[in-house]
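Heads up: the structure comes next, in structure tokens.
The values are calculated or read from the model by the stated rules, or taken from the named source; none is laboratory data. Not measured: the values here are computed from a predicted model. Neighbour counts run over all protein chains shown; Cβ positions are idealised from the backbone, glycine included. Ligands, DNA and RNA are excluded from the accessible area calculation, which covers all protein heavy atoms including side chains. Shrake-Rupley method; radii C 1.70, N 1.55, O 1.52, S 1.80 Å.
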Amino acid sequence: ENRGVRSLCAKAGSTCAALLVATRLVWGQRSLSDADAAVLASLARRKQLERLTYLGLPQNRISDGGVCALAAALRGGSMRRLKVLDLSGNRVGAEGRRALGNALEAPGALPSLISLSLNNAAGERRLTFEEAKVLAQQSAHAQRHKRLLSAKGLVP
């Protein structure tokens, strides 16, 4: 597992020490994969990313497998300070959206979250406004989370 963490840090252009004390990770366009997302999820489950308030992974190569791993960690309450999760420009399909919806539903899992960006990579089907509403409504706190999904990338 340490090899996976070192590989992730190298791809992201960061040191592992910096990763473990970060409050913001802005790792867009780093060619991060599902395996890299799974490493982040593993770190989160071990409470090593609990300081994060912003996790930006836009325009990488993360698909449903990586999103589901992240969602499982989020559902477990391992990133309770997280305010922004940006997965835009990745290949988030129905399975990944469903997993994120389940994470939003979990009591106390994401109490600070105010923004979630999910629009898919260019050329792929984007979330429709109706799909975004369904995801927001899956939250146990639907009223608070209606503003959760950013309008960026959603088609009416």
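How many of the residues making up the stretch 1-16 are assigned to a helix (DSSP H, G or I) and open to solvent by 70 Å² or more (accessible area, probe 1.4 Å)?
Counting residues in the stretch 1-16 that are assigned to a helix (DSSP H, G or I) and open to solvent by 70 Å² or more (accessible area, probe 1.4 Å) gives 5.
Only residues in the stretch 71-96 that are open to solvent by 10 Å² or more (accessible area, probe 1.4 Å) count as the first member; pair them with residues that are in a loop (DSSP other than H, G, I, E, B) and hydroxyl-bearing (Ser, Thr, Tyr), Cβ under 6 angstrom, at least 6 apart or cross-chain, and list the lot.
Between residues of the stretch 71-96 that are open to solvent by 10 Å² or more (accessible area, probe 1.4 Å) and residues that are in a loop (DSSP other than H, G, I, E, B) and hydroxyl-bearing (Ser, Thr, Tyr), the close pairs are 81/53; 81/112; 83/53; 83/112.
For the stretch 69-106, give me the residue count where each residue is among the basic types (Lys, Arg) and part of a strand (DSSP E or B).
1
Give me a count of the residues in the stretch 46-68 that are farther than 16 Å from residue 98 by Cβ and in a strand (DSSP E or B).
Residues that pass the stated criteria total 3.
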